Amino acid sequence: MYAQGGIASVVTKNDSFQSHISDTLIAGAGLCNEEAVKVLVHEGPDDIKKLIDFGVPFDRDANGDYIVSMEGAHSFKRIMHCNGDATGFNVTKTLVGNVKMHSNITCFENMVLVDILLGDDSAVNGVVLQDNDNNFLAIQSQNVILATGGIGGLYRKSTNSSVATGDGIAAAWRAGAELENMEFVQFHPTALIHPDKNNRYFLISEALRGEGAILRNRKWEPFMKNVHPMADLAPRDIVSRAIVQEMEKYDLPNVYLDITFKSREVLSKRFPMIYNECMKRGIDIASDWIPVIPVQHYFMGGIKTDLNGKTNISGLYSCGESACTGVHGANRLASNSLLECLVFGRRCAQDVNGASKKRSNDMSLAIDVKKESKALDFETIRSNIRYTMTKKGGIVRSMKGLKEALTEIEAYYEQLQRAELRNVYELEKLNIATVSLQILTAAQKRKESVGAHYIKTESET
C-alpha cells in the first residue's frame, strides 16, 4: 500500500514490449531470468486492464486518456499511477474491498505466520498462525501461497512497514524451500531524512526525478551528471552509492532533491501525498530542497519459484516481494514490483485452481518446539542485528565486514533457536536473524560487485 510511483507497463503506441524487457534486463545487471521477464512484460497490460475492471482509479487527462509517466532507467513513459503518487494505496483499497464482497473468502486479520505445516509426504498441509493475544490457529490446506512482503525490519532505516520482517521467507526456509538471490537488497536513493512515529522512512518517489528533479550536494552542484550517462535517472543502486559518497565526502547527514522549478499547482496535483507530507514537516517542495537519504526499500531475493509461483515444496507457492521469480535480477527496475505482484499472483492462483486436491492427514511443524526457558533481551538483539546489517550488509559491503557480520548474527541466531518464543514479538526476532544470515551468506559467496551487491575493493577499504 505504500507504493507511490505506479505500475510499469507498455500502454502507449511508441513503447514496445522489447524496450520494457531490455530496460528490465539492463537494470537487473544481466542476472534476470529472461523468460520470467518476458512473461512479466507481455502479460502485464492485461492484468492492469483487470485492475481497471475491479475499479482501480488510474489517473486520466482531460481527454479521458490514461496518464503515463517516466521513471529512472526506463526508455519511455510507461508508469500508470493513481492520485498522482498513491498507487499502492488505491490498488490495495480497491482489491481489499473486492475481497470482502466475496462470501467464500474468509479473512483472518492481525495474524502472523508462525510456521508451515508439512504432511508425511513432505508436501504442504497448512499453516500455523498466531494472533495479537498469542492464540494459535492451525489451518489445514493442500496449497499455501506466501505473499508476506519484504525484509525492511532487518535494517535500521527502511520505507517498509514495521511488520516486514521476512516471516514468510524464514518459515519457507525452515520447511525446506530453496532461496535465491538473497544478497540483492535494494536501497531507494531518496527518502526523507527523518522517520515517522512508526519509525518508517517516508519515500520520495523516483517519479519526481522522472519529472526532472535534480539531486544536489551542499555546494548546490547536480552531482549525478558526473556519475552516470542517465544522471538522476540512473538505476537505483548507482544513485544510492553516489549519494553515500557525497555524504561521506562532505561529512553530511543527507543530500537534497530539487524540484523547485515546478509550480506549486503542478506539484500539489501530481504529487499530493509527497507534497502534503513534506508540508507537515515544514518542507515546501515548491520552494525548498528536500533533504533525502538512501534507505532500504525492496528485496530482489526470496523464495525461489518457477513461472507459476511454485517452490520446490509440493503445494507451496510464493508471489510478490517474498518470492524470487527472477524478474529483478541484481536490481529491480522502478515500478516493476506491483506489476510482478499482478502477473505472478494471478499465475499462482491459476496453478492452484488446476492442482490436484489430495491431502495428507499428518501434520508436523518445521520449527523446533523444544525450547529453553532462558530469558533473552529481545529488543537489544533486534537492535544489534539491525545495526550490523545496516553497517556491514547494506549499500556498500566488504568481505571483511561480511565475515564479521556472519559471526555476530550467528551467535544471536543460536540463542534465538534455543529460546522459548512466547509471542509474535519474540518470533519476529528469530525470523530477522534467520533471513539476515541467509543474506550475509549469499553476499559472502558472491565475490564480485553486481547490481545492488557492491563489494569494496582493497583500495576503497
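The values are calculated or read from the model by the stated rules, or taken from the named source; none is laboratory data. In this text, all values refer to a predicted model and were calculated from it rather than measured experimentally. Cβ atoms come from the backbone with ideal geometry, glycine included; neighbour counts cover every protein chain shown.
Here are the numbers for the structure shown:
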| quantity | calculated |
| --- | --- |
| Verdict on Ile193 being modelled with pLDDT of 95 or more, surrounded by fewer than 20 Cβ atoms within 10 Å (Cβ to Cβ) and not in a loop (DSSP other than H, G, I, E, B) | yes |
| Answer from Ile367, Ile395 - the residue that is modelled with pLDDT under 95 and either in a loop (DSSP other than H, G, I, E, B) or under 27 Å from Leu137 (Cβ atoms) (or both) | Ile367 |
| Residue satisfying all of: in segment 314-333; within 21 Å of Ala442 (Cα to Cα) and surrounded by fewer than 24 Cβ atoms within 10 Å (Cβ to Cβ); farthest from the chain's Cα centre (by Cα) among these | Gly326 |
| Residue check for Asn254: touching a strand residue (DSSP E or B) at 6+ places or on another chain (Cβ under 9 Å), polar (S, T, N, Q) and within 30 Å of Val450 (Cβ to Cβ) | yes |
| Candidates Val266, Val239, Val292, Val255, filtered to the one that is of a type in the set (A, V, I, L, M, F, W, C), over 15 Å from the mean Cα position of the chain (by Cα) and surrounded by fewer than 20 Cβ atoms within 10 Å (Cβ to Cβ) | Val266 |
| Every residue from segment 273-289 that is in contact with an Asp or Glu (Cβ under 6 Å, 6 or more places away or on another chain) and under 15 Å from Ser263 (Cα atoms) | Ile274, Trp289 |
| Evaluation of Met1 against (1) in a helix (DSSP H, G or I); (2) surrounded by fewer than 16 Cβ atoms within 10 Å (Cβ to Cβ); (3) in contact with a Ser or Thr (Cβ under 6 Å, 6 or more places away or on another chain) (one fails), failing number | (1) |
| Condition met for Leu31 (closer than 23 Å to Ala355 by Cβ, crowded, with 16+ Cβ neighbours inside 10 Å and among the aliphatic types (A, V, I, L, M)) | no |
| Residues of segment 333-359 satisfying the condition of being out of contact with any helix residue (DSSP H, G or I) (no Cβ under 7 Å at 6 or more places or on another chain) and of a type in the set (D, E, K, R) | Arg347, Asp351, Lys357, Lys358, Arg359 |
| Flag if Asn198 is surrounded by fewer than 15 Cβ atoms within 10 Å (Cβ to Cβ) and in contact (Cβ under 8 Å) with a residue 12 or more places away in the chain | yes |
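So that you can scan it fast, the table gives a plain yes or no per residue for (1) part of a helix (DSSP H, G or I); (2) more than 24 Å from Ser205 (Cα to Cα); (3) of a type outside the set (A, V, I, L, M):
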| residue | (1), (2), (3) |
| --- | --- |
| Thr12 | no, no, yes |
| Thr24 | yes, no, yes |
| Ala29 | no, no, no |
| Glu35 | yes, yes, yes |
| Leu40 | yes, no, no |
| Glu43 | yes, yes, yes |
| Asp46 | yes, yes, yes |
| Lys50 | yes, yes, yes |
| Lys77 | no, no, yes |
